[in-house]
Amino acid sequence: LKTRSGRVLCKLPCSGEKEVDLAVQSAKAAFKIWSQMSGMERCRVMLEAARIIREQREEIATMETINNGKSIFEARVDIDISWQCLEYYAGLAGSLAGEHIQLPGGSFGYTRREPLGVCVGIGAWNYPFQIACWKSGPALACGNAMVFKPSPFTPISVVRLAEIFTEAGVPKGLFNVVQGGAATGQLLCQHPDVAKISFTGSVPTGMKIMEMAAKGIKPVTLELGGKSPLIIFSDADLENAVKGALMANFLTQGEVCCNGTRVFVERKILDTFTKEVVKRTQKIKVGDPLLEDTRMGALINRPHLNRVQGFIKQAKEQGAEVLCGGDPYVPDDPKLKNGYYMRPCVLGNCKDDMTCVKEEIFGPVMAILPFDTEEEVLERANATKFGLAGGVFTRDIQKAHRVVAALKAGMCFINNYNVSPVELPFGGYKSSGFGRENGRAAIEYYSQLKTVCVEMGDVESVF
């Protein structure tokens, strides 16, 4: 459905067993060609794909906004991160190498870094184009092929990526797209010719994917949910901390897995901070995501909007106070009156045991919690099954490093939040998943090591 207006955007048939098999076989054939190319040859093709994306930035960003409902301002950032990702892995492709190890008597060993084969990417609906690039970048750089299934809620922009790869010169079928929901995902995970699965999405689905992959002993990368802590000490630059809290909660309508939705604020600045956050939150321009000055667009669909509203209702029942927002928003444009909009919400008077503080809401809802000591806040911050991200705002550099060292989370931020440079690995601890996207680390998850031992003398036999 069209999130901006609530109107049907297009209808797509789901890929069944036949289509999934065709996609995998096509990728398998392309893999034979691509995996035999040198890293430098792959680099040139990937750089061309990055160039096309950069050139068509505006068109792709507009498509992404219609696809997902996020503001055009944010969609442009997503597209920039996407081409940067392909550029980064293109740069690594030519330098992927194993090691040479000298052994006694002139013998030696060496390792080869080899591709896995056909990798499956399963994307989420919050960053459709960007996630597809995050997964295909390292996969293709290592010499793999990929079959990608976007979320059925955001099926469009990934198809454009497939076309761009073809235009850039990858072998036909190297990056294939199949459409559908859980049934299509299951067919992909269980396909005997699939070598690896990389999934971004919810914890329950991640568990199912891991279970299916186990039957075929297939490696998996899981980038799952979060309920991340953002810790604000009284010595922080207040203006900066407020901006950080907004960035940690309201990007993409709050539909971000690493959002810092549990905002722990040192008690002596609680009132000042809260007042400022509420003031700034009320100024966020909600509305048509295609307008330049919109800063928060529409949520993904009606059931999700209802779910987020349900969390706010429950929070009130459990004693939290709605300090601002949380109500549905109807834009002035009559064409958008059935869109899935709401005002960003700040909750005060929150306690650690409330549902809104424990569960991932995945909407524009910030929970503010007071704390008194560093030791106490760390214990509370880590008291969750999730471990995707965490942040700290303080002017004390020793405290900053001490706190992030103690946080049980895979992606930590000091005096910023939700910054995702492609050079840095991204992924979670605990129930938030394992494996890493981005950075050199991702290469480990899209390749396998072969060890070769070479004897230069006579075989030492025990027989």
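Considering (1) assigned to a helix (DSSP H, G or I); (2) touching a Lys or Arg at 6+ places or on another chain (Cβ under 6 Å); (3) of a type outside the set (Asp, Glu), the lone condition that Gly121 does not fulfil carries the number (1). With the requirement that a residue be polar (S, T, N, Q) and closer than 15 Å to Thr261 by Cβ, what does the range 349-381 give you? Thr355 - this is the single residue of the range 349-381 that is polar (S, T, N, Q) and closer than 15 Å to Thr261 by Cβ.
Before we move on, is Pro425 over 22 Å from Ser82 (Cβ atoms) and either open to solvent by less than 40 Å² (accessible area, probe 1.4 Å) or modelled with pLDDT of 95 or more (or both)? Talk me through it step by step, then tell me what you get.
Numbers: over 22 Å from Ser82 (Cβ atoms): no; either open to solvent by less than 40 Å² (accessible area, probe 1.4 Å) or modelled with pLDDT of 95 or more (or both): yes.
Here the answer is no, as Pro425 does not meet what is asked.
Those residues that are part of a helix (DSSP H, G or I), open to solvent by 70 Å² or more (accessible area, probe 1.4 Å) and not aliphatic (A, V, I, L, M), I need them from the range 36-55; list them, please. Please lay out each step first, then the result.
Taking the range 36-55 first, the residues part of a helix (DSSP H, G or I) are 39-55.
Now narrow it down to the ones that are open to solvent by 70 Å² or more (accessible area, probe 1.4 Å): 40-41, 44, 47, 51, 54-55.
Glu41, Arg44, Arg51, Arg54, Glu55 - these are the residues of the range 36-55 that are part of a helix (DSSP H, G or I), open to solvent by 70 Å² or more (accessible area, probe 1.4 Å) and not aliphatic (A, V, I, L, M).
At least 3 residues being open to solvent by 30 Å² or more (accessible area, probe 1.4 Å) and out of contact with any Pro (no Cβ under 9 Å at 6 or more places or on another chain) is the threshold, and among the helices (runs of 4 or more DSSP H) wholly inside the range 301-412 those reaching it are 302-317, 374-382, 397-406.
Taking into account only those residues within the range 185-209 that are of a type in the set (Val, Ile, Thr) and surrounded by fewer than 21 Cβ atoms within 10 Å (Cβ to Cβ), which is nearest to Met146 (Cα to Cα)?
Initial filter on the range 185-209 (of a type in the set (Val, Ile, Thr)): 194, 197, 200, 203, 205, 209.
Remaining after also requiring surrounded by fewer than 21 Cβ atoms within 10 Å (Cβ to Cβ): 203, 205.
Working: Val203: 23, Thr205: 20 Å.
Checked the range 185-209; the qualifying residue nearest to Met146 (Cα to Cα) is Thr205.
Filtering the range 251-278 to residues that are in contact with a helix residue (DSSP H, G or I) (Cβ under 9 Å, 6 or more places away or on another chain), in a helix (DSSP H, G or I) and open to solvent by 10 Å² or more (accessible area, probe 1.4 Å) leaves Leu251, Ile269, Thr272, Glu276.
I'm trying to understand the selection: among the residues of the range 164-207, which are among the β-branched types (Val, Ile, Thr) and part of a helix (DSSP H, G or I)? Can you show your working first?
Taking the range 164-207 as the starting set, the residues that turn out to be among the β-branched types (Val, Ile, Thr) are 164, 166, 170, 177-178, 184, 194, 197, 200, 203, 205.
Ile164, Thr166, Thr184, Val203, Thr205 - these are the residues of the range 164-207 that are among the β-branched types (Val, Ile, Thr) and part of a helix (DSSP H, G or I).
Output the number of the condition that Val419 fails; it satisfies all remaining conditions of (1) open to solvent by 40 Å² or more (accessible area, probe 1.4 Å); (2) farther than 21 Å from Val277 by Cβ. The one condition Val419 does not meet is (2). If we keep just the residues of the range 434-449 that are assigned to a loop (DSSP other than H, G, I, E, B) and in contact with a strand residue (DSSP E or B) (Cβ under 6 Å, 6 or more places away or on another chain), which is surrounded by the fewest Cβ atoms within 10 Å (Cβ to Cβ)? Result: Gly435.
Of the residues screened, Ala214 is not one that is touching a residue at least 60 places away in the same chain (Cβ under 8 Å), farther than 30 Å from Gln36 by Cβ and assigned by the TED database to the domain that holds Ala30. Among the residues of the range 107-135, the ones that are under 19 Å from Ala213 (Cβ atoms) and of a type outside the set (A, V, I, L, M, F, W, C) come to 5 in all.
Residues that are of a type in the set (Val, Ile, Thr) and over 20 Å from Ile164 (Cα atoms) within the range 17-66 comprise just one, Val20. If you go through the range 101-114 one residue at a time, do you hit one that is closer than 30 Å to Glu455 by Cα and touching a Phe, Trp or Tyr at 6+ places or on another chain (Cβ under 9 Å)? Looking for residues that are closer than 30 Å to Glu455 by Cα and touching a Phe, Trp or Tyr at 6+ places or on another chain (Cβ under 9 Å), one finds at least one in the range 101-114, hence yes. Suppose the filter is under 30 Å from Leu9 (Cα atoms) and either touching a residue at least 60 places away in the same chain (Cβ under 8 Å) or not in a loop (DSSP other than H, G, I, E, B) (or both); does Ile284 pass it? For Ile284, the condition - under 30 Å from Leu9 (Cα atoms) and either touching a residue at least 60 places away in the same chain (Cβ under 8 Å) or not in a loop (DSSP other than H, G, I, E, B) (or both) - is met.
Within the range 1-20, restricting attention to residues that are part of a loop (DSSP other than H, G, I, E, B) and among the hydrophobic types (A, V, I, L, M, F, W, C), the residue that is modelled with the highest pLDDT is Cys14. Any residue in the range 90-101 that is modelled with pLDDT of 95 or more, β-branched (Val, Ile, Thr) and assigned to a helix (DSSP H, G or I)? Scanning the range 90-101 turns up no residue that is modelled with pLDDT of 95 or more, β-branched (Val, Ile, Thr) and assigned to a helix (DSSP H, G or I). If we keep just the residues of the range 1-28 that are among the hydrophobic types (A, V, I, L, M, F, W, C) and in contact with a Gly (Cβ under 6 Å, 6 or more places away or on another chain), which is farthest from Asp288 (Cα to Cα)? My answer is Ala27.
Scanning the range 218-249 for residues that are open to solvent by 10 Å² or more (accessible area, probe 1.4 Å), part of a helix (DSSP H, G or I) and either more than 28 Å from Tyr445 (Cβ to Cβ) or assigned by the TED database to the domain that holds Ala132 (or both) gives Leu238, Glu239, Asn240, Lys243, Leu246.
The values are calculated or read from the model by the stated rules, or taken from the named source; none is laboratory data. Values in this document were obtained by computation on a predicted structure and should not be read as measured data. With ideal geometry, Cβ positions are generated from the backbone for all residues, glycine too; neighbour counts draw on all protein chains shown. Areas reflect the complete protein model, heavy atoms only, side chains present, ligands, DNA and RNA absent. Shrake-Rupley method; radii C 1.70, N 1.55, O 1.52, S 1.80 Å.
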